[in-house]
Amino acid sequence: LLPERYRDGHVELRNSYLADPHVVPHGIGREFLARRRDGSEFPFELSLSPIEGPGEARVLALVADISERRMAGHQRLLLSMAVDNIAESVVITDTDGIVEYVNPAFQRMTGYSREEAVGANANILNSGEHEDAFFEEIWAKLKAGETCTTRFINRRKDGSLYEQETTISPVRDVAGMLTHYVSAGRELA
């Protein structure tokens with residue numbers, strides 16, 4: 001399975017492990033590159049457990065292809081970098097409106113730091129310029145799983161007001177349960 005360039009190192013690792021065996025739990029194992037029959041390579045994780053018994057030392061080896069995990073990690077990193085670098089304010093809240101994430105554009109636009117915003121209710125931006133019915137209508141749409149686009153008059157940390165066009169979208173998990181809301185907005189001149 002190992003590409004030629006890793007074989008010498010593998011022999012050393014194997015001998016070292018056999019001299020002092022210990023459990024390497026699944027999901028925490030060492031990562032290597034393996035070679036498929038066609039010669040292409042893929043990342044895998046190796047988890048080891050010594051097997052007690054008479055005679056020669058034995059080891060149970062769990063080998064897991066982690067190609068998809070690596071790709072998902074790369075995609076999460078790319079998405080995170082994109083959200084951190086767009087000009088629009090992005091806020092992610094739980095279903096009660098408690099902020100779990102804000103991007104740098106939110107911080108620049110509102111004057112609130114990430115530390116001040118995360119854990120707070122999204123209503124920290126409430127200017128008092130909207131009637132309760134305005135927010136009730138938005139919450140009704142969101143809880144029904146609908147995306148809502150509207151204009152807010154928000155209040156920055158310093159007390160100044162600004163107008164923002166915002167789209168708030170519900171986020172569902174793999175079971176279809178509503179778990180979060182994502183808000184993306186831009187300040188209107």
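The values are calculated or read from the model by the stated rules, or taken from the named source; none is laboratory data. Quantities reported herein were computed from a predicted structural model and do not represent experimental measurements. When we count neighbours, we look across all protein chains shown, and the Cβ atoms used for this are built from the backbone with ideal geometry, even at glycine. Heads up: the accessible areas ignore ligands, DNA and RNA and are worked out on the full protein's heavy atoms, side chains in. Shrake-Rupley method; radii C 1.70, N 1.55, O 1.52, S 1.80 Å.
What full-extension length gain, to one decimal in nm, is calculated for Met71 and Arg172 as 0.36 nm per residue of separation minus the Cα-Cα distance? Before the final figure, lay out the partial values.
Details: separation 101, 0.36 × 101 = 36.36 nm, distance 2.15 nm.
34.2 nm is the gain from fully extending Met71 to Arg172.
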Inset, instruction - Calculate what fraction, in whole %, of the accessible area of the chain sits on carbon and sulfur atoms when a 1.4 Å probe is rolled over the protein chains. - result: 54 percent
Legend entry - On Cα atoms only, tilt of 7-19 relative to the major axis of the chain in degrees: 80 degrees
Legend entry - Using θ = phi - 60° and Karplus 6.51 cos²θ - 1.76 cosθ + 1.60, couplings along region 131-146 (whole Hz; Gly, Pro as x): 6, 4, 4, 4, 6, 4, 5, 4, 4, 4, 5, 4, 5, 7, x, 8
Inset, instruction - Taking only Cα atoms and a 10 Å spring cutoff, compute GNM fluctuations for the chain and point out the largest among Leu79, Leu178, Leu18. - result: Leu18
Legend entry - region 90-149 - charge dipole about Cα centre, Lys and Arg +1 at Cβ, Asp and Glu -1, debye rounded to 20: 280 debye
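Based on the Cβ-Cβ distance of Ile153 and Thr95, what FRET efficiency does E = 1/(1 + (r/R0)^6) give at R0 = 35 Å, to the nearest 0.05?
Numbers: r = 24 Å, r/R0 = 0.69.
Efficiency, rounded to the nearest 0.05: 0.90.
Roughly how many debye, to the nearest 20, is the charge dipole of region 41-189 about its Cα centre, given +1 on each Lys and Arg Cβ, -1 on each Asp and Glu Cβ, and no other charges?
Values: 14 positive and 24 negative charges, 49 e Å.
Roughly 240 debye, rounded to the nearest 20.
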Legend entry - Tilt relative to the chain, helix 67-85 - C-alpha long axis, 0 to 90 degrees, to 10: 30 degrees
Inset, instruction - Enter the Cα centre distance for the pair region 137-165 and region 56-81, rounded to the nearest angstrom. - result: 40 Å
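Would you compute, from DSSP H runs of 4+ residues alone, the mean residue ellipticity of the chain at 222 nm, taking -39500 (n - 2.57) per run and dividing by the full residue count, rounded to the nearest 500?
For the chain, the value works out to -9000 deg cm²/dmol.
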Inset, instruction - Please name whichever of Ser169, Met81, Gly111 sits farthest to the positive end of the charge dipole of the chain, dipole taken about the Cα centre and charges placed at Cβ: Lys and Arg +1, Asp and Glu -1. - result: Met81
Legend entry - Top positive-direction residue, dipole computed over the chain with Cβ charges, set Ala72, Thr147, Ser16: Ser16
Inset, instruction - Leaving out ligands and nucleic acids, note down the accessible area per residue over region 1-72 with a 1.4 angstrom probe, in whole Å². - result: 75 Å²
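With a probe of 1.4 Å, find how much accessible area region 91-189 has per residue, and write the answer as a whole number in Å². Provide the component values of the computation, followed by the final result.
Working: 5580 Å² over 99 residues.
Result: 56 Å² per residue.
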